[in-house]
Structures are given as C-alpha cells and as structure tokens.
Amino acid sequence: MTSALALAAVLSHARGRYLADIGAIASLTGRDVAYDYVDRLTTDIAALSSPAPSDARAQYVVRLASLYDDVVEQYLARAGRPPGSIRGLGETLVRSSADGTLQPLAVYVPPSYDPARPAPLVVFLHGSGGSESGLLAQAGLTQLADATGSIVIAPYGRGYSGFRGSATSDIYDALAVVKNAFAIDARRRYLAGYSMGGFSIFRVGSAHPHEWTGLMCVSGGLNGAADADAALRDLHDLPLYVLTGKDDAVIPSVYTTQSAGYLRHYGMSVSFYRQPDGTHELASLQPILESAWSDMHRGIVRDPPEDLPFGAAPPTLSTGFKP
C-alpha cells in the first residue's frame, strides 16, 4: 500500500493540475461537483500529512485518498475508466441521463467475482456531508462484500440532501451501468442507505421498486408521511432491514425504531437490529451490520423484538431535525 506521505505528495500534484483545469472540468461535472473535489483533496492532503491517530484511521485515509486520486485522474482525462475493468476498490464516472454530466461512482468488486457466476449487488447511499468515496473506503463494508461475494457501489448523488432530483436518476444511471458491466444476479439486488441515505431509500426505491430484492436502512427512517405512503404503496412486498445504535445522538434511535414499528404494523417484513453501545458512527454498528447483511443476502426475516413499538401513524420529525 502506498504510504500516507507519498500519497499526500501525489494528491498535491493532482490538485495543482486539477485547479489549473477546473473550468473545463466544471463543464463536464457541473460546478458544484467540480469544486467539491477541491475541498476533498485539500482535506485529504492535510490528513495524510499529519500523524494518523490509529492504524485503522491511517488505512481509511489512504483508501479514501486513493479513490479521490482515481476520480481526479479520470476528470483530467475527460473520460471515466470502464467500470467492468475495476477489481477491488475503484471509481468510475457515469454519464447522467438528466443533464449529460459525468458523475462519480465508487465501486468495490470482491476477489471472488467470476463473470460466469452472477454476483449479488448492493447499492449503498452515503450520509449527509459524506461522499461515495468516504463510504466505500470503510473497511467494514468491503469485508462484508467479501463475505457474501457482493459487488457494492456508492453513487455520489451530487451531495444533494435526500438524493433528490437528478441525484435519484444518477442512482439508476449507475445501476444500469453496473448491470451492463458485470454479471449481476437479478434475484439479489439490494438498496441500502446510511443516515441521510437511510432516509432516502424509501423515496429512491419507490421510483423503480421492481429493481430491488430488499432494502436496508441504517441509522435512518421515514422522512414524513409522503415517504411512508410511498414505502407502503411501492415497497410493501420487499423485506426491510432496519439498524440503529442505542446511543445515536444524531438520528435518535427512537425515531428509527418507530419507523420500523410503523412499517411492521402495516404488514411490511421488517427485521430490526439495535446495537446496545452503537452511536451514529457506522463502524460502531459493525456487529449488527454483519448480522443484517447476512440476513438480507439469505432472505431471512427476523421476528420483531418485544419492545418494538407498533404505531398506526408514522413518526413525526422533531422541530429543527433534518436528516
């Protein structure tokens, strides 16, 4: 693996080339996405140049920076790498059907992938303020992918809150590209989301419910009556796996729990997982994420815990609360 300081030097050079060409790049990506990458590069160069607090953190930052460098090189080349050529962790660019821009997509292909044997696919949506690279740079997710032989992709969604508008079409553009590039098992395609992404799966999933075999909501929930109606109308027959950390101070566990109870009350197949010492950090939920991931891939639906509230009305967002 490239050392942190060596990668910082590579990224510094890439940032200089990127800034020199940013006007042309913005015409390819859209202005917001183009300038987002300047911020990402600056943050990562600083992180790589400072002593890492732990080995795990150092590995995460190196993986993250490698993905950013991958995207920058493709933007400078004015073309994305063929997604089917990716093995392990990588990025590609997907042409938007909404406006023709090139949008980043993080991809993980496990070592066990064999085109002769169609693989499961998980489309994982990142949280607010996060990115496609930041999500897949986490070793916990790629370990889960290895355990189930799953390809995992993470769209950026332009950083839009809730993956709304063209961000939703970006997700389905990415899905179409990956289905064409890899042998994907049509019986095992899953839509997952963390935090903001966990709220977004209901609206995004209801846009094309036939594409999905199951759903996973991590530290998220129902974002109002419209999403609740869409879930019960369009996603009712899909198994749903809901995860929360008991000590989550960002998305209160009670809100995620009430969302699960409401959907279960109206007949959805909901499996619920609560991490006793879990916070909003995805890494803190790894034990229940492993359980839910395995259940989802095996099609197992768990009985609800005795304390899961069964509410006839969807939970109400607290004042000032924004997923």
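Descriptive notes on the structure:
- For the range 245-273, a residue qualifies if it is farther than 15 Å from residue 194 by Cβ, in a strand (DSSP E or B) and touching an Asp or Glu at 6+ places or on another chain (Cβ under 9 Å), and exactly one does: 271.
- Listed by position, the helices (runs of 4 or more DSSP H) enclosed by the range 120-196 that each have at least 3 residues that are out of contact with any Leu (no Cβ under 9 Å at 6 or more places or on another chain) are 139-148, 166-181.
- Inside the range 132-171, residues that are of a type in the set (Ser, Thr, Tyr) and more than 24 Å from residue 227 (Cα to Cα) make up a count of 4.
- Qualifying residues in the range 197-223 (those that are surrounded by fewer than 22 Cβ atoms within 10 Å (Cβ to Cβ) and assigned to a helix (DSSP H, G or I)) - the one farthest from the chain's Cα centre (by Cα): 210
- Filtering the range 75-106 to residues that are part of a strand (DSSP E or B) and under 15 Å from residue 156 (Cβ atoms) leaves 90, 91, 92, 93, 94, 95, 102, 103, 104, 105, 106.
- In the range 20-79, the residues that are more than 17 Å from residue 138 (Cα to Cα), touching a Ser or Thr at 6+ places or on another chain (Cβ under 6 Å) and modelled with pLDDT under 90: 45
- Test: residue in the range 41-53 that is without any contact (Cβ under 8 Å) to a residue 60 or more places away in the chain, within 21 Å of residue 197 (Cβ to Cβ) and surrounded by 14 or more Cβ atoms within 10 Å (Cβ to Cβ): yes
- If the condition is being surrounded by fewer than 18 Cβ atoms within 10 Å (Cβ to Cβ), among the aliphatic types (A, V, I, L, M) and touching a residue at least 40 places away in the same chain (Cβ under 8 Å), then the range 224-253 contributes 225, 250.
- Number of the exception - residue 293 against (1) part of a loop (DSSP other than H, G, I, E, B); (2) surrounded by 13 or more Cβ atoms within 10 Å (Cβ to Cβ); (3) at pLDDT 95 or above: (1)
- Flag if residue 302 is basic (Lys, Arg) and either surrounded by 17 or more Cβ atoms within 10 Å (Cβ to Cβ) or part of a helix (DSSP H, G or I) (or both): no
- Residues of the range 254-282 classified as surrounded by fewer than 18 Cβ atoms within 10 Å (Cβ to Cβ) and at pLDDT 95 or above, total: 5
- Candidate set: the range 142-161, residues that are touching a residue at least 40 places away in the same chain (Cβ under 8 Å) and more than 23 Å from residue 68 (Cβ to Cβ); chosen: the one surrounded by the fewest Cβ atoms within 10 Å (Cβ to Cβ): 147
- Cβ-Cβ distances below 6 Å connect the following pairs, each with a first residue in the range 57-71 that is more than 10 Å from residue 134 (Cβ to Cβ) and β-branched (Val, Ile, Thr), a second residue that is buried (at least 19 other Cβ atoms within 10 Å of the Cβ) and at pLDDT 85 or above, and a separation of six or more residues or different chains: 71/91; 71/104.
- Any chance residue 6 is surrounded by fewer than 19 Cβ atoms within 10 Å (Cβ to Cβ), at pLDDT below 85, within 26 Å of residue 149 (Cα to Cα) and not polar (S, T, N, Q): no
The values are calculated or read from the model by the stated rules, or taken from the named source; none is laboratory data. Keep in mind that what you see is a predicted model, and the values were worked out from it rather than measured. Heads up, the Cβs are rebuilt from the backbone with ideal geometry, glycines too, and the neighbour counts pull from every protein chain shown.
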